[in-house]
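The values are calculated or read from the model by the stated rules, or taken from the named source; none is laboratory data. The shown structure was predicted, so the numbers you read here are calculated from the model rather than taken from an experiment. Please note: Cβ atoms are built from the backbone with ideal geometry, for glycine as well, and neighbour counts cover all protein chains shown.
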Amino acid sequence: MSWFKSEKKDKKHKKHTELSYQAQFVNPKLDRENPIMQQIISETGDLNQTWPNIQLDELKLLTEKLQQDVAITTGEVVQLGSITFLTPNPANPKKLIETGLTWENATVKANMENFVIEMVNQVLNDETTRLDDQVTYNELADALSEFLTASQDVAGFKYGDMPELPSSDEYVNAVETNQMFDLLPQRLIVKEVKVSDQNQQDKKEVPPVEEKAAAEVKTPAKQPTAHKAATKTAPKQSVNNLAEKQSVPAPAKNIATENNTVVIAELIKAFKVQPRFFKTKSVDPKQIVVPESDNYVDVMMARETLEANTFIQQAADKVADSYRETLSQNVADVREDTKPLNDLLATDWQTTS
């Protein structure tokens, strides 16, 4: 279970709680007898002395080392066991209490972003938590928000490394439709452009195109529509009158900008690297064989091929993440550079004197 109600904490102790936020291994599966693991643990702060407790910055360092030195190098998934998160008791700061958050069956994979992303997705997708009527999303979101804050303050993550929590409506919809969350770091997300309050006000003051056109049609027959004026009577009209009849309110520009931004964001999110894999024989690599078995060589080759293909896919995912991050940053830079122009287009510049 990833969530249970913990003791209520006094908000006056929030800063103290964030600074002392830490984790603890529960039913650990990390092979501490393995020489490689021993070396990694010895290089991870005071973990040897504090085990099974671990500070958030040490958990960040541990998972990054395991990812780099084991998961990516060998293609293996490193099993950690479950990790629960603790905070000082406001009534007795020297005593730790559980926050209610647990990273169940924690693993380190070659293609993971960071342990924060993994934990948050796992908690939001946990079936037991979703079916527990005693747990409200507000409680869950408060605990996760505190966890994200501590991950930045204590573990040293950047804001762009953190996920953006779903709204209450998004969470309820996901639960009702049995959809799983796959949150990404905010640095990989291109957010939709929001129309400013001023532009919203402009929309109210400027009549819609349809209403303006309808008003022109309802006038006496001697008054032509904008289209007819442009095609038949242009020689008799002044340039100013023609421009006035053909003007298009700026909000349409904003709508187009928003739609384009959404399309760009979807395209970036969908970007993938499709590598070429080694061909495998139609042999079950999981079957048990001994050297004397007739298909021993085929099975062993299938296992090696499967491991190599897994490594290739994980490397491709890392490359895709890197490209998505670069593209997202480029889009953000372009948006910042063109902001003055977008602001101009967002106003009714054709009728402004």
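At a glance:
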read-out	value
Residue within segment 79-88 that is modelled with pLDDT under 90, in contact with a helix residue (DSSP H, G or I) (Cβ under 8 Å, 6 or more places away or on another chain) and not charged (D, E, K, R) present	yes
Residue match in segment 173-180 (condition: within 15 Å of Glu118 (Cα to Cα) and not β-branched (Val, Ile, Thr))	yes
Ile312 modelled with pLDDT of 80 or more and in a loop (DSSP other than H, G, I, E, B)	no
Total residues in segment 108-152, condition under 30 Å from Val273 (Cβ atoms) and charged (D, E, K, R)	3
Residue that is nearest to Arg324 (Cα to Cα) [pool: residues in segment 145-173 that are of a type in the set (A, V, I, L, M, F, W, C), in a loop (DSSP other than H, G, I, E, B) and under 16 Å from the mean Cα position of the chain (by Cα)]	Met162
Any hit, segment 181-201, residues being modelled with pLDDT of 90 or more, surrounded by fewer than 16 Cβ atoms within 10 Å (Cβ to Cβ) and out of contact with any Pro (no Cβ under 7 Å at 6 or more places or on another chain)	yes
Members of segment 293-309 found to be of a type outside the set (S, T, N, Q) and modelled with pLDDT of 80 or more, listed by number	Asp294, Tyr296, Val297, Asp298, Val299, Met300, Met301, Ala302, Arg303, Glu304, Ala308
Per-region count, segment 2-40, residues at pLDDT 50 or above and either over 19 Å from Asn92 (Cβ atoms) or out of contact with any strand residue (DSSP E or B) (no Cβ under 9 Å at 6 or more places or on another chain) (or both)	20
Criterion (surrounded by 19 or more Cβ atoms within 10 Å (Cβ to Cβ), closer than 26 Å to Ala315 by Cβ and under 19 Å from the mean Cα position of the chain (by Cα)) met by exactly one of Ala110, Ala71	Ala110
Elements of type strands (runs of 3 or more DSSP E) contained in segment 33-139, each with 1 or more residues being of a type in the set (D, E, K, R) and either touching a residue at least 24 places away in the same chain (Cβ under 8 Å) or assigned by TED's automatic domain parsing to the domain that holds Thr305 (or both)	92-108
The lone exception for Glu76 - which of (1) surrounded by fewer than 18 Cβ atoms within 10 Å (Cβ to Cβ); (2) out of contact with any strand residue (DSSP E or B) (no Cβ under 8 Å at 6 or more places or on another chain); (3) at pLDDT 90 or above it fails	(3)
Failed item in (1) surrounded by fewer than 20 Cβ atoms within 10 Å (Cβ to Cβ); (2) within 15 Å of Tyr21 (Cα to Cα), with Glu64 passing the rest	(2)
